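The block underneath contains the structure these notes are about, expressed in structure tokens.
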Amino acid sequence: MKQTLKQLQFAYYGVYLAALAAAISGFYLLRAGIHINPLSETGVLLNGILIVYIIGSVPITLAIFNKLTKKWALLPLKDERLERYKKLGTVRILIIGTGLVLGVVFFYIMQSQSMIFSAGIAAIALFFCKPSEVKMTIELDLDDMNLAEHKS
């Protein structure tokens, strides 16, 4: 369980580091004169694609993951449950994190408020993906003893 948690935390905090790197990169891109008018055809297209991506990927990703964890909780082997949780948990973080990183980059390039709001939505959704041992234990129905230890 510790290895699964470490990998998920690495992906989770890695997305936030990538968003920070995107903010720094976006700042320098803007200073270099790279700018897309948000009202231009390209700006409207990028804006629309990112908003549709975030509005679509967040609920779909969270719903599919929730549905699958309930299914995995019924598997007889704990190692198999954890392996599936680790793989799809990482994918879930990366899908939602992509929206965050792109939202930050597009905010700087287009200077559009809707892009920072889109990035904010992705950041809030990413918060719901934060891995923890208690959360894994509950979602995968791993061990009631481990859960009792964390409550005390």
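How many residues does segment 71-82 hold that are in a helix (DSSP H, G or I) and in contact (Cβ under 8 Å) with a residue 24 or more places away in the chain? Of the residues in segment 71-82, 4 are in a helix (DSSP H, G or I) and in contact (Cβ under 8 Å) with a residue 24 or more places away in the chain.
The set of residues in segment 59-116 that are of a type in the set (Gly, Ala, Ser) and surrounded by 16 or more Cβ atoms within 10 Å (Cβ to Cβ) comprises Gly89, Gly97, Gly99, Gly103, Ser112, Ser114. Please work out which residue is surrounded by the fewest Cβ atoms within 10 Å (Cβ to Cβ), limiting yourself to segment 29-42 and to residues that are modelled with pLDDT under 90 and part of a helix (DSSP H, G or I). Once the filter is applied, the top-ranked residue is Arg31. Residues considered: Leu50, Leu46, Leu17. Of these, the only one that is touching a Leu at 6+ places or on another chain (Cβ under 6 Å), in a helix (DSSP H, G or I) and on the phi < 0 side of the Ramachandran plot is Leu50. Here are some residues: Ala11, Ala73, Ala63, Ala21. Which one is more than 22 Å from Met136 (Cβ to Cβ) and of a type in the set (Gly, Ala, Ser)? Being more than 22 Å from Met136 (Cβ to Cβ) and of a type in the set (Gly, Ala, Ser) holds for just one of Ala11, Ala73, Ala63, Ala21, which is Ala21.
The values are calculated or read from the model by the stated rules, or taken from the named source; none is laboratory data. Worth saying up front: this structure is predicted, and the values here are computed from it rather than measured. Quick reminder, even Gly has a Cβ in these numbers, built from the backbone with ideal geometry, and neighbours come from all protein chains shown.
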